[in-house]
Amino acid sequence: MLTKADDYPVHQLASPISEVGSSRNFYDRYFFNGYTKDRKVYFAAALCVYPNLNIMDAAFTVAYEGKQHNCRASRILNEERLNTKVGSIEVNVLDALQRLEIKVDDKEANISADLIFDGIYQVMQEPKMKLHSGPRLVMDTCRMVQQGVWEGQINLQGVDLEIDHETTIGTRDRSWGVRPVGTLDSQPIVPLEIPQFYWLWNPTHFDGFSTHIYFVDDESGKTINGHSVLQDKNNSKIEELSNLKKRVSYKKGSRRVDSLIINAERKSGKDLRMTIKPENKIFMCGLGYMHQEWGHGHYKGENETTYDSYNLEEDPHDPPFLHIQSVCTVELVMDKNNYKGLGVLEELILGPHKPSGFKDLFDR
């Protein structure tokens, strides 16, 4: 089937753009987060297409004064990927790789937003991620990440929240490929094994530069996929760090990270040390991640929306609430100088992880 995208010179196969290969789990997603430097406001958005499921979904979440508000929407894609609007949520590319726009007008939830993300660093490509379950490939993804600032406004049920470049920073990513989406596989690999996924992701803003560190560990604690870079704002130079070592401590009786200490080496041979302290958290299920009913790629109808909210004073430690992002303060010691930064730490820790002492799916 031909679509509007076919009029752009972006083909990579001798097929129309609507054809993306054989995997039902192919996806193509926008993700954004933003947070004020005083940590009073956090917001995030996601919009994704699933060409082989013929579904598009989106979500917008705002955390303010101890409450997380979640707007979600899902519709039939109708094979047209350039119409990036789902219900009341819309994402527009204003200047590719530089400026993007998010619009929300959810009258039922009484939430609206008109926001522009402006990249202040060039986009960077993370290493490609491939994960298997036995012989079956379950993740094969490509992702780019960009640090930036925000401007615009959010109206949260009658409260106006002003967003501007001086006060509001954040990160966006674009990822695509194959990952588990939609309904569960009707015939998983045998014999059944305890699911295992250890993911920590930390983009941080400093004055004049940024850092971006993430890693995926196997159950023995070995890092099987990761990225650690320092990026200079003035010339957009990206410096890869090496010999990364981490030390993670957890809040008592939980899998929540209390602190993450990173030691790494710069190209100059000099050492770098980061201490990351998570503070204000939000639940990623507000954006559909691991949500039982509004999970990514689930068919909800021709054009459906929903709203709910979470009390952030409470902290369930079971699905779908295991996956979180927290605004975090970061202290960096580099070249005998101390720097203070602000970023997010995303956590998803499932199953065994020997260095942490986790032996089962959800033990703490």
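The values are calculated or read from the model by the stated rules, or taken from the named source; none is laboratory data. In this text the structure is predicted, and so the values were computed from the model without any measurement. So basically every Cβ, Gly included, is an ideal-geometry build from the backbone, and we count neighbours across all protein chains shown.
Data table
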| item | result |
| --- | --- |
| Failed item, numbered, when PHE209 is tested on (1) closer than 30 Å to PHE26 by Cβ; (2) of a type in the set (Phe, Trp, Tyr); (3) surrounded by 18 or more Cβ atoms within 10 Å (Cβ to Cβ) | (1) |
| Subset of the stretch 259-298 (residues that are touching a His at 6+ places or on another chain (Cβ under 7 Å) and either in a strand (DSSP E or B) or among the aromatic types (Phe, Trp, Tyr) (or both)) | TYR289 |
| Total residues in the stretch 134-156, condition under 17 Å from MET124 (Cβ atoms) and among the small types (Gly, Ala, Ser) | 1 |
| Test: residue in the stretch 189-198 that is in contact (Cβ under 8 Å) with a residue 12 or more places away in the chain, surrounded by 15 or more Cβ atoms within 10 Å (Cβ to Cβ) and within 26 Å of LEU47 (Cβ to Cβ) | yes |
| Tabulated pairs, the stretch 223-252, first in a loop (DSSP other than H, G, I, E, B), second among the acidic types (Asp, Glu), C-beta under 7 angstrom, 6+ apart or interchain | LEU241/GLU265; LYS251/ASP258 |
| Wholly within the stretch 1-112, strands (runs of 3 or more DSSP E) carrying at least 2 residues that are touching a residue at least 60 places away in the same chain (Cβ under 8 Å) | 26-36, 41-50, 55-64, 67-76, 99-106 |
| The lone exception for GLN292 - which of (1) at pLDDT 95 or above; (2) over 30 Å from SER259 (Cβ atoms) it fails | (1) |
| Selection count where residues are loosely packed, with under 12 Cβ neighbours inside 10 Å and either in a strand (DSSP E or B) or within 15 Å of the chain's Cα centre (by Cα) (or both), scope the stretch 127-158 | 2 |
| Boolean, GLU101 is surrounded by fewer than 18 Cβ atoms within 10 Å (Cβ to Cβ), of a type outside the set (Val, Ile, Thr) and over 18 Å from the mean Cα position of the chain (by Cα) | no |
| Filtered residue count, the stretch 333-358, keeping only those that are closer than 24 Å to ILE194 by Cβ and not in a strand (DSSP E or B) | 6 |
| Residues of the stretch 55-80 that turn out to be crowded, with 17+ Cβ neighbours inside 10 Å and under 21 Å from the mean Cα position of the chain (by Cα), as a count | 17 |
